[in-house]
Amino acid sequence: MDVILLGAGVSGLSAGLELARRGVRVTLLDRGALGGESTWAGAGIVFPLLPWQYGEDFNRLATASLAHYPDWIGQLRSLSPTDPEYIASGLIVLPPVGEGAAAWCAGHGIQCTAVPADLPGLAVPLPADSLWLPQVAQVRNPRLARALAEAIRALGGHIEDNVAIEDIGLQDSRLTSVRAGGKIYRADQFVLATGAWSSLPLANLPALPAIRPVRGQMLLYPPGSHRLRQIVYQDGFYLVPRKDGHLLAGSTIEFAGYAKEASTETRQQLHQRAGSLLGGLPEPIRHWAGIRPGSPDNLPVVGPHPDYANLYLNVGHYRYGVTLAPTCARLLADQMTGAVPELPTAPYSLRAALARTWPEPGV
Ligand SMILES: Cc1cc2nc3c(=O)[nH]c(=O)nc-3n(C[C@H](O)[C@H](O)[C@H](O)COP(=O)(O)OP(=O)(O)OC[C@H]3O[C@@H](n4cnc5c(N)ncnc54)[C@H](O)[C@@H]3O)c2cc1C
């Protein structure tokens, strides 16, 4: 079987790898750099913030992914020379931690205790009701994308980036081909994995109105500017220390269309929040914005498009596309290859997504 995947962010790459592992011949086409959009811009935390505040349909995907991650990374490491730096750096949650945290963790096999007194790096005293989740991991998301691409190529898959999709061949509600960069690509099945841009038409494929672009801004600090070793989260803000000493601070939730501008005002706000937790920090060395593929309740759309016989969707992972990647890739590949999915698929159908509403207009 030949499959063409449109979009080579973590959703297209993880699905491409899963299909390639099952013997499918895959071709990924991306109009930009592979992994260069939301996948590059994110923090790479492999955990929801905070899962006890999410619904069960989301957490079923998330907890399955947390279980799959170590093996998934192991497979990647066996196929690719790039280390995605999957490390269990742990997560400190500062108050307000929200209702039901301890019970949720106990019910889902996630260690969760009071924060040990000897964790270095924070300038503020740790409130007694802070939480410590030592198993929470992170990946270096740009390297994850590179490793996924190398693994796909190692299995014989083909990836073309920086190539514009010019046309899509359609016949009797089936896709037949894609014209990209002046070349025609044919396949038996097709996957749309164009992230936030799936809410726009693509050639003659209609838009998916269930998805919305949601901007998030991020700061980067150099090695040597802090002593933090754990991910820290407080009330929508997080700090993520990388293995090599870099530190990320983020993020924002902004409904600003597809504009990727990073504003001076937000830079100051994020810098001020980072400084209030860590004490004296130098100026950030980088500031950027990425566009998340937003969806109500953070629920992605993973499965067949109801209007096309051979078109599948892997879109709308909103704030957690890196976290959810292994499970969504498996769910998609199961449905495409006729295998029995490990989870119920109905909550992640396009029909279910279209029935969900955003909390309020514009939010
Ligand atoms: C600031 C920020 C922080 C985040 N932090 C985390 C985190 O800590 N943990 C986590 O799990 N997730 C996080 N995320 C979310 C995560 O990054 C996304 O959910 C995930 O990257 C979505 O992947 P994707 O492949 O669907 O989309 P993208 O990475 O955006 O990829 C879509 C791809 O489709 C391509 N494309 C679009 N239109 C076309 C077209 N017409 N033709 C061809 N190609 C096209 C694009 O070029 C792009 O490469 C964060 C996101 C942001 C922005």
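Every number in this text was worked out from the coordinates using simple rules, so none of it is lab data. Just so you know, these numbers come straight off a predicted model, no measurement behind them. Don't worry about glycine lacking a Cβ; one is built from the backbone with ideal geometry, like all the others, and counts go over all protein chains shown.
Taking the centroid of alpha carbons for each part, the range 168-193 and the range 1-57 are 19 Å apart.
Considering all different alpha carbon pairs of the range 314-363, the Kirkwood hydrodynamic radius works out to 12.3 Å. Per residue, the convex hull spanned by the Cα atoms of the range 88-130 measures out at 80 cubic angstrom.
Among CYS112, CYS105, a tally of other beta-carbon atoms within 10 Å of each Cβ gives an order, fewest to most, of CYS105, CYS112.
Annotation for the range 180-268: GluC sites (Glu not before Pro) lying in DSSP loop with at most 13 further Cβ atoms inside 10 Å of their Cβ are GLU261.
Distance from a point 7 Å along Cα→Cβ of ALA67 to each backbone N in the range 75-107: keep the residues under 16 Å and list them by number. From the range 75-107, the list is 105-107.
From the C-alpha gyration tensor of the chain, pull out the three semi-axes of the equivalent ellipsoid (sqrt of 5λ each), sorted largest to smallest, in whole Å. Please list the in-between numbers first.
Working: eigenvalues 240, 88, 79 Å².
Computed over the chain, the values are 35, 21, 20 Å.
The order of ILE159, ILE285, going from fewest to most other C-beta atoms within 10 Å of their C-beta, is ILE285, ILE159.
Using the Kyte-Doolittle scale, which helices in the chain average at least -0.5 and also have C-alpha atoms spread 24 Å or more along the helix axis, with helices defined as whole DSSP H runs?
Working: long enough: 56-79 (33 Å, -0.35).
Membrane-span-like by this criterion, though nothing is claimed about a membrane: 56-79.
Taking the DSSP bridge list for the chain and keeping only pairs wholly inside it, about 70 percent are antiparallel. The simple Förster model, with R0 at 41 Å and r as the Cβ-Cβ distance, assigns GLU342 and GLU283 a FRET efficiency of 0.30.
Rank these for me by crowding, LYS260, LYS183, going from fewest to most other beta carbons within 10 Å. Present the calculation step by step, with values, prior to reporting the outcome.
On the way: LYS260 15, LYS183 11.
Going from least to most buried by this count: LYS183, LYS260.
If you take all other residues with their beta carbon under 12 Å from the beta carbon of SER80, and give Lys and Arg +1 and Asp and Glu -1, the sum is +2. For the pair ALA164 and ILE87 in one chain, pulling the backbone fully straight at 0.36 nm per residue adds 24.2 nm over the alpha carbon distance.
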